[in-house]
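Written below as structure tokens is the structure these notes are about.
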Amino acid sequence: MANLADEYGTDVEIYIKALTTTIHADTPTGAPGQLHDLLERLGLERHSYPADAPLYIWHTVPEHLDAEEQRRPATHAIPTLLVAGYEVNCTPDVFDELAYQQAVQDLRSRARRPAARQPAPSSSPSPPSPARRTP
């Protein structure tokens, strides 16, 4: 099993596996768990070999999507990976310009939204002071 991320020195290599239509996202050997988790949150499925003590971990776009649809989530993941600081390479046969532009626009929109502000704690009225009685 060739690992293109190890071979090219990148954090993520996105490509179509030879003799298939499956889009793969390779990560380097020993990649941090945060990278694998991020790829899953971006819609890619994690695979490992061997399953009990993985030596090789890779991700694929869900195979139930047709070939054209598979390009979108793979490309849509790229801006988020780049913003997170990862070095990404994607082959031209996978790259979808419209999906990339949409992902960039989505990131910009999220960045423009002000963070949800927590309401200031309402000050509870102080307990009434006991009335003074004069004897």
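The values are calculated or read from the model by the stated rules, or taken from the named source; none is laboratory data. The model shown is predicted, which means the values in this text are computed figures rather than measured ones. In this analysis, Cβ positions are derived from the backbone assuming ideal geometry, glycine residues included, and neighbour counts consider all displayed protein chains. Side chains included, ligands, DNA and RNA excluded: accessible areas come from the protein's heavy atoms. Shrake-Rupley method; radii C 1.70, N 1.55, O 1.52, S 1.80 Å.
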## Note on the structure
Restricting attention to the stretch 21-67, the residues that are among the polar types (S, T, N, Q), over 16 Å from Asp11 (Cα atoms) and touching a helix residue (DSSP H, G or I) at 6+ places or on another chain (Cβ under 6 Å) number exactly 1
### Query
Given the conditions (1) open to solvent by less than 40 Å² (accessible area, probe 1.4 Å); (2) within 23 Å of Ala103 (Cα to Cα), and given that Pro28 satisfies all but one, which numbered condition is not satisfied?
(2)
### Summary
The lone condition His36 fails out of (1) at pLDDT below 95; (2) under 19 Å from the mean Cα position of the chain (by Cα); (3) not in a strand (DSSP E or B) is (1)
### Task
Select from the stretch 58-84 the residues that are open to solvent by 30 Å² or more (accessible area, probe 1.4 Å) and either among the β-branched types (Val, Ile, Thr) or touching a Cys at 6+ places or on another chain (Cβ under 9 Å) (or both) and list them in ascending order.
Thr80, Val83
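Select from the stretch 94-133 the residues that are out of contact with any helix residue (DSSP H, G or I) (no Cβ under 6 Å at 6 or more places or on another chain) and either modelled with pLDDT of 95 or more or not in a loop (DSSP other than H, G, I, E, B) (or both) and list them in ascending order. Step through it out loud before you land on a result.
Taking the stretch 94-133 first, the residues out of contact with any helix residue (DSSP H, G or I) (no Cβ under 6 Å at 6 or more places or on another chain) are 97-98, 101-102, 105-106, 108-133.
The answer is Glu97, Leu98, Gln101, Gln102, Gln105, Asp106, Arg108, Ser109, Arg110, Ala111, Arg112.
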### Task
Kindly provide the set of residues from the stretch 1-59 that are of a type in the set (Phe, Trp, Tyr) and within 16 Å of Leu81 (Cβ to Cβ), ordered by number.
Tyr8, Tyr15, Trp58
